[in-house]
Amino acid sequence: MAPVYGAEVSLAQRAMQHPLLAPVYQHVWRPAWWLGANAFDLPHLLREKAKAVEALRLGPGDLVLDVACGPGNFTTAYAAAVAPAGLALGIDLSRPMLRQAARDHDAPGTAYVEGSALRLPFGDDAFDGVACYGALYLIPDPFVALDEIVRVVRPGGRVAIMTTTAPDVVRGLAGQVARLSGLRVFGPAEVTGRLEAAGFTEVSREIHGFFQYVAATAPGEV
Ligand SMILES: C[S@@+](CC[C@H](N)C(=O)[O-])C[C@H]1O[C@@H](n2cnc3c(N)ncnc32)[C@H](O)[C@@H]1O
């Protein structure tokens, strides 16, 4: 069984555990870092949550998992899309982040649980949709987490993932710089290729600066 942190703990993961970070993350850190990493594509960023909901194809009554939900900044958008009878469940390793989520993003239809993306405490095929935004690049074993996402989404369900990317030519240098802070820059086909290898269809990939937005449909009978 995979340990909760994986083989190692990245510097970025450690930072996310700091109680002072959670309050500033969603209002300062995320907007600033996302704007730069998205190549200042403000129109895209303003629609980021709506696009995540669209990518997941959520509807009333759905059960959706927000992996590495942080302060719940996307979880409530998912909850609104699955209302009135659905549930958006956020899971994160960081207790300060979860406290912030419970304080700031406790809309009806949301719930939060402490746990690791590397060992999701749910059965196979449990969710209609699984999102993982802004986290795979700071998890030292990202493909263990991706395989867990693949495991818990139901046949015909959707996954939506936002993580880093760069063309191979710039990845060497960007990767070295990112690695110093514990971040990973994914190659063009690493995430989509893993999903395709698992039998996912309708695999799409939208690139904005150093970020990629991947969506796909899980294999199997609906
Ligand atoms: C940059 S925040 C992203 C929050 C939110 N999803 C967003 O897009 O703004 C990354 C989150 O990943 C969480 N995280 C890191 N490693 C994790 C793991 N192995 N399992 C669950 N959460 C993890 C951190 O605690 C942090 O809250």
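The values are calculated or read from the model by the stated rules, or taken from the named source; none is laboratory data. This is a predicted model, so every value here is computed, not measured. As a convention, Cβ positions derive from the backbone with ideal geometry for all residues, glycine included, and neighbour counts pool all protein chains shown. For the accessible areas, the whole protein counts, side chains as well, though only heavy atoms, and no ligand, DNA or RNA atoms are used. Shrake-Rupley method; radii C 1.70, N 1.55, O 1.52, S 1.80 Å.
Can you pull out every residue in the stretch 82-97 that is under 10 Å from Ala111 (Cβ atoms) and within 16 Å of the ligand (Cβ to nearest atom)?
Answer for the stretch 82-97, where residues must be under 10 Å from Ala111 (Cβ atoms) and within 16 Å of the ligand (Cβ to nearest atom): Ala88, Leu89, Gly90, Ile91.
Which of the residues belonging to the stretch 52-75 are more than 21 Å from Leu11 (Cα to Cα), of a type in the set (Gly, Ala, Ser) and crowded, with 23+ Cβ neighbours inside 10 Å?
Matches in the stretch 52-75: Ala52, Gly72.
Determine whether the stretch 30-48 contains at least one residue that is among the small types (Gly, Ala, Ser), open to solvent by 30 Å² or more (accessible area, probe 1.4 Å), over 27 Å from Gly157 (Cβ atoms) and within 10 Å of the ligand (Cβ to nearest atom).
no
What is the number of the single condition among (1) closer than 19 Å to Leu56 by Cα; (2) touching a helix residue (DSSP H, G or I) at 6+ places or on another chain (Cβ under 9 Å); (3) open to solvent by 30 Å² or more (accessible area, probe 1.4 Å) that Leu180 does not meet?
(1)
Suppose we filter the stretch 76-100 for residues that are surrounded by 19 or more Cβ atoms within 10 Å (Cβ to Cβ), assigned to a loop (DSSP other than H, G, I, E, B) and more than 16 Å from the chain's Cα centre (by Cα); how many remain?
Residues that pass the stated criteria total 1.
Is it true that some residue in the stretch 1-19 is closer than 27 Å to Glu202 by Cα, surrounded by fewer than 19 Cβ atoms within 10 Å (Cβ to Cβ) and without any contact (Cβ under 8 Å) to a residue 60 or more places away in the chain?
No, there is no match, as no residue in the stretch 1-19 is closer than 27 Å to Glu202 by Cα, surrounded by fewer than 19 Cβ atoms within 10 Å (Cβ to Cβ) and without any contact (Cβ under 8 Å) to a residue 60 or more places away in the chain.
Keeping to the stretch 102-150, report how many residues are within 13 Å of the ligand (Cβ to nearest atom), open to solvent by less than 40 Å² (accessible area, probe 1.4 Å) and more than 27 Å from Thr165 (Cβ to Cβ).
Of the residues in the stretch 102-150, 1 are within 13 Å of the ligand (Cβ to nearest atom), open to solvent by less than 40 Å² (accessible area, probe 1.4 Å) and more than 27 Å from Thr165 (Cβ to Cβ).
Can you find, within the stretch 151-163, the residue that is nearest to Ala126 (Cα to Cα) among those that are open to solvent by 10 Å² or more (accessible area, probe 1.4 Å) and touching a strand residue (DSSP E or B) at 6+ places or on another chain (Cβ under 7 Å)?
The extreme case among them is Arg154.
In the stretch 183-222, which residue that is touching a Gly at 6+ places or on another chain (Cβ under 9 Å) and small (Gly, Ala, Ser) is nearest to Ile149 (Cα to Cα)?
So the residue we want is Ala218.
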